[in-house]
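Before any comments, here is the structure.
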Amino acid sequence: FGQLGDHSLNAQSHLGLGWVFERQGRHRDALDQAQRALDLYQAAGQRPGQAHALNAVGWCHARIGDHERALGYCEQAFGLHQDLGDRYGQAATWDSIGYARHQLGRHGEAATAYRMAVDLYQAVGGRYFEADTLGRLGDTYLAAGDPESARTVWHRALDLLEELAHPDADGV
């Protein structure tokens, strides 16, 4: 795609590579790929791609421990997703914001962000991602000293994953 000069598809490929690196625990490599995608989407003037790439860059910064910087990217992503009316993108970005806030010890704010993500995932039918976010919400409740709420949302996550016959159910 780079040789063809197709910035949008090249960017999409870099986002895909970043996702693979993320799954492998190679967070810095994932960040490099997300940043490349963002640069290419910006060059192409492709706003939906920019929004997704901004969230990916934010998520990757959170995964390497740069949580304040992560929030900056995620807030930009959220604004773009909101302007574009992309509720799925908003949900994904709320999830990233929740993760960064949790890592900063801002558990009440993290829980709020996660609940926003869950509500949006429910609205758009993103059941796997709803379950994934519920898992992190449970972790936040536990870290905040509320094991009962944690148990409740973990059970909801488990129920969703079992309905989907998803292998992540074993981890929950």
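The values are calculated or read from the model by the stated rules, or taken from the named source; none is laboratory data. Remember, it's a predicted structure, so these values are computed and weren't measured experimentally. Glycine gets a Cβ as well: all are built from the backbone with ideal geometry, and neighbour counts include every protein chain shown. SASA here: full protein model, heavy atoms, side chains in, ligands and nucleic acids out. Shrake-Rupley method; radii C 1.70, N 1.55, O 1.52, S 1.80 Å.
Of the candidates Arg101, Arg69, the single residue that is part of a helix (DSSP H, G or I), under 21 Å from Asp32 (Cα atoms) and among the basic types (Lys, Arg) is Arg69. From the list Gln103, Gln90, Gln76, Gln122, the lone residue that is closer than 24 Å to Glu162 by Cα and either touching a strand residue (DSSP E or B) at 6+ places or on another chain (Cβ under 6 Å) or not small (Gly, Ala, Ser) (or both) is Gln122. Among the residues making up region 26-50, those that are open to solvent by 40 Å² or more (accessible area, probe 1.4 Å) and more than 18 Å from Thr93 (Cβ to Cβ) are Arg26, Arg28, Asp29, Asp32, Arg36, Asp39, Ala43, Ala44, Gly45. Residues of region 53-61 include none that is part of a loop (DSSP other than H, G, I, E, B), in contact with a helix residue (DSSP H, G or I) (Cβ under 6 Å, 6 or more places away or on another chain), of a type in the set (Val, Ile, Thr) and in contact (Cβ under 8 Å) with a residue 12 or more places away in the chain.
Inspect all residues belonging to region 35-48 and state whether any of them is within 25 Å of Arg115 (Cβ to Cβ), acidic (Asp, Glu) and assigned to a helix (DSSP H, G or I). Among the residues of region 35-48, not one is within 25 Å of Arg115 (Cβ to Cβ), acidic (Asp, Glu) and assigned to a helix (DSSP H, G or I), which makes the answer no. Checked against (1) under 15 Å from the mean Cα position of the chain (by Cα); (2) at pLDDT 95 or above; (3) not aliphatic (A, V, I, L, M), Arg23 passes all but a single condition, namely (2). Every condition in (1) modelled with pLDDT under 95; (2) more than 26 Å from Leu134 (Cα to Cα) is met by Arg47 except one, and the failing one is (1).
Listed by position, the helices (runs of 4 or more DSSP H) contained in region 107-171 that have at least 3 residues being without any contact (Cβ under 8 Å) to a residue 24 or more places away in the chain are 107-124, 147-163.
Yes/no matrix, rows are residues, columns are (1) out of contact with any Pro (no Cβ under 7 Å at 6 or more places or on another chain); (2) under 26 Å from Ala53 (Cα atoms); (3) of a type in the set (Phe, Trp, Tyr); (4) open to solvent by less than 50 Å² (accessible area, probe 1.4 Å):
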{"residue": "Gly79", "(1), (2), (3), (4)": "yes, yes, no, yes"}
{"residue": "Gln90", "(1), (2), (3), (4)": "yes, yes, no, yes"}
{"residue": "Trp94", "(1), (2), (3), (4)": "yes, yes, yes, yes"}
{"residue": "Tyr99", "(1), (2), (3), (4)": "yes, yes, yes, yes"}
{"residue": "His107", "(1), (2), (3), (4)": "yes, yes, no, yes"}
{"residue": "Met116", "(1), (2), (3), (4)": "yes, yes, no, no"}
{"residue": "Tyr121", "(1), (2), (3), (4)": "yes, yes, yes, yes"}
{"residue": "Glu130", "(1), (2), (3), (4)": "yes, yes, no, yes"}
{"residue": "Glu163", "(1), (2), (3), (4)": "yes, no, no, no"}
